[in-house]
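Have a look at the structure below, then the notes.
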Amino acid sequence: MRHATCHRHVLAAAALTAAALLAAPGPAAAAPAPSSLRPVATLSAERLATADLVAAAKWGTDSPVDDPAREQQVLDAVAAQAEQIGADPDEARRIFRDQIEANKIVQRGLHRWWSVHPEQAPTTKPDLNVVRQKINRINTELVQALAVSTPQRAAPSCRPELALAVLQVHHDTHPDPLHTVALARSLTSVCES
């Protein structure tokens, strides 16, 4: 019974995510063809999975979820990477601000859950430096995926294509409602129109 309820919540969250992406301003488009937006959604989901590790590393410590210095380092790094490959650094900053905010949604959600359910809290702490290396690798791949997908992200069909990519990633990864909501947040600025 509990599993069925959880499954319904996940499906509802996925439907809301798709609806939110589709309802955003922009002209209607024909059925989306395969595009380069799937890697963007996949890498965003992979980046979000690191939020669990970051939350565990910070759990029970004085380290806050918000880390403006680290966030600025990430934004500066992705802007520099974008510029090196001929992509728009301001666009990279904007999209990665969403990625960072989505990551914090997961961290805060897990911290709230663990406060109420301490028996489910992590008992070991991942090395945050190791986790950040993984995040940096994903960031680099995501900057490249964003650069490759620039034409699709500028097209009127971007939102439906992105919604389809999110549904495909959701189908493949089966995220819980917290991660589903965060994934939608992480992709807010991907489409240019």
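From the list 99, 120, pick out the single residue that is polar (S, T, N, Q) and within 22 Å of residue 69 (Cβ to Cβ).
99
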Condition check: surrounded by 16 or more Cβ atoms within 10 Å (Cβ to Cβ), among the hydroxyl-bearing types (Ser, Thr, Tyr), at pLDDT 50 or above and out of contact with any Pro (no Cβ under 9 Å at 6 or more places or on another chain). Does residue 17 satisfy that?
yes
When residue 38 is run through (1) modelled with pLDDT of 95 or more; (2) under 30 Å from residue 120 (Cα atoms); (3) in a helix (DSSP H, G or I), the failure sits at (2)
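Yes/no per residue for (1) open to solvent by 50 Å² or more (accessible area, probe 1.4 Å); (2) within 21 Å of residue 67 (Cα to Cα):
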| residue | (1), (2) |
| --- | --- |
| 88 | yes, no |
| 115 | yes, yes |
| 138 | no, yes |
| 148 | yes, no |
| 162 | no, no |
| 172 | yes, no |
| 183 | no, yes |
Kindly list the number of the only condition in (1) out of contact with any Lys or Arg (no Cβ under 7 Å at 6 or more places or on another chain); (2) not in a helix (DSSP H, G or I) that fails for residue 110.
(2)
Does segment 150-164 contain any residue that is under 23 Å from residue 104 (Cα atoms), in a helix (DSSP H, G or I) and not aromatic (Phe, Trp, Tyr)?
yes
Within segment 151-193, how many residues turn out to be at pLDDT below 95, of a type in the set (Ser, Thr, Tyr) and under 20 Å from residue 92 (Cα atoms)?
1
Which residue pairs have Cβ atoms under 7 Å apart, sit 6 or more places apart or on different chains, and have a first residue in segment 168-181 that is in contact (Cβ under 8 Å) with a residue 40 or more places away in the chain and a second that is open to solvent by 70 Å² or more (accessible area, probe 1.4 Å)?
168/38; 177/9
Can you find a residue in segment 122-133 that is more than 16 Å from residue 58 (Cβ to Cβ), open to solvent by 50 Å² or more (accessible area, probe 1.4 Å) and of a type outside the set (Ser, Thr, Tyr)?
yes
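Kindly evaluate residue 95 against the criterion of being open to solvent by less than 80 Å² (accessible area, probe 1.4 Å), closer than 15 Å to residue 54 by Cβ and assigned to a helix (DSSP H, G or I).
Values: open to solvent by less than 80 Å² (accessible area, probe 1.4 Å): yes; closer than 15 Å to residue 54 by Cβ: no; assigned to a helix (DSSP H, G or I): yes.
Judged against the criteria, residue 95 is not a match.
The values are calculated or read from the model by the stated rules, or taken from the named source; none is laboratory data. If you're wondering where the values come from, they're calculated on a predicted model, not measured in any experiment. As a convention, Cβ positions derive from the backbone with ideal geometry for all residues, glycine included, and neighbour counts pool all protein chains shown. These accessible areas exclude ligands, DNA and RNA; they are computed on the full protein's heavy atoms, side chains included. Shrake-Rupley method; radii C 1.70, N 1.55, O 1.52, S 1.80 Å.
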